[in-house]
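K.L.:
Have a look at the structure that comes next, please.
The values are calculated or read from the model by the stated rules, or taken from the named source; none is laboratory data. For clarity, every value in this text was computed on a predicted model and none was experimentally measured. Glycine also receives a Cβ, built like all others from the backbone with ideal geometry; neighbour counts cover every protein chain displayed. With ligands, DNA and RNA removed, areas are computed over all heavy atoms of the protein, side chains included. Shrake-Rupley method; radii C 1.70, N 1.55, O 1.52, S 1.80 Å.
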Amino acid sequence: MPRPLFTASLRLARTIDAANNLLGRSVAWLSVLMVLLTCLIVLLRYAFNIGATATQELIMYGHSLAFMGAAAWALQRDAHVRVDIFFRRFSSRGKALIDFSGTLLFLLPLCLFLAWNCWDYVSVAWQRQERSADAGGLPWVYIQKSFILLLVISLFLQALSQLIKTAAVIFGALPSHLPASHEEHL
């Protein structure tokens, strides 16, 4: 691949990484909110005998947003589950080949499969302005279902970034595609 194309591609990968980093760090703060809301629910239930259906559903929304919004960030940081019995012994180029192949053969098809299968599910929820079936529940179920699309888009973009970075390692334009802190996780 010519040098100017690598430069432009790596700039795109850095932009994708920055966007997914911002998204992941932002939704990570939902964990604090969910803990506080859980404490509030317990207090309301056991101290005042008050049910809080909407607050319970808000925790579910936060939970789904945290996991689906941070998936691409976890992939970017190489914080996903990896069976690396052999991987740790490979050179940077070998690791890049493994990750390139896995992204191309598994991650991209998974993203396309999810996009294909969830589009109707989400669009029907938006058409119906789907609400909670529980009395006192939240009226935004269609927004919660849209988090699936957030997962698909962010993972697809991160897969493109991974392909660019691993290709750069394979062709010798980058020393490694893994984060600098990667070795301390192994």
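K.L.:
Which net charge results for the neighbourhood of Leu97, defined as the other residues with beta-carbon distances under 15 angstrom from its beta-carbon, given Lys and Arg at +1 and Asp and Glu at -1? It would help to have the intermediate numbers written out before the result.
P.N.:
Numbers: positive: Arg82, Arg88, Arg89, Arg93, Lys95, Lys165; negative: Asp84, Asp99.
With Lys, Arg at +1 and Asp, Glu at -1, the net is +4.
K.L.:
What are the residues whose amide H is under 5 Å from the amide H of Glu130, where those residues sit 5 or more places off or on another chain and H is modelled from the backbone?
P.N.:
Tyr142
K.L.:
Looking at the range 75-180, which trypsin sites (Lys or Arg not before Pro) are in a loop (DSSP not H, G, I, E or B) and have at most 12 other Cβ atoms within 10 Å? Walk me through the numbers before you get to the answer.
P.N.:
Numbers: sites: Arg77, Arg82, Arg88, Arg89, Arg93, Lys95, Arg128, Arg131, Lys145, Lys165; in loops: Arg77, Arg82, Arg131.
Within the range 75-180, no trypsin sites (Lys or Arg not before Pro) qualify (loop, at most 12 other Cβ atoms within 10 Å).
K.L.:
Would you mind telling me the share, in percent, of accessible area of the range 1-87 contributed by carbon and sulfur at probe 1.4 angstrom? Let's see the in-between values first.
P.N.:
Numbers: 3950 of 5520 Å².
Percent of accessible area from carbon and sulfur atoms in the range 1-87: 72.
K.L.:
Given contacts defined as C-alpha pairs under 8 Å and at least six residues apart, what's the relative contact order of the chain, whole-number percent? Please list the in-between numbers first.
P.N.:
Details: 189 pairs, mean separation 59.2, N = 186.
Computed over the chain, the figure is 32 percent.
K.L.:
Might you tell me the accessible area per residue for the chain, computed with a 1.4 Å probe and given in Å²?
P.N.:
Numbers: 11430 Å² over 186 residues.
Computed with neighbouring chains in place, this is 61 Å² per residue.
K.L.:
Which helices count as membrane-span-like in the chain under these terms: full DSSP H, at least 20 Å along the axis by C-alpha, Kyte-Doolittle mean of -0.5 or more?
P.N.:
Working: long enough: 3-28 (36 Å, 0.23); 30-48 (26 Å, 2.39); 53-76 (35 Å, 0.60); 108-128 (30 Å, 0.65); 141-170 (44 Å, 1.67).
Helices meeting the criterion: 3-28, 30-48, 53-76, 108-128, 141-170.
K.L.:
Let a ≥ b ≥ c be the square roots of the eigenvalues of the Cα gyration tensor of the range 22-142; is it rounded (a/c under 1.5), or, if not, prolate (a/b larger than b/c) or oblate? List each step's numbers first, then the result.
P.N.:
On the way: a/c = 3.87, a/b = 1.76, b/c = 2.20.
Verdict is oblate for the range 22-142.
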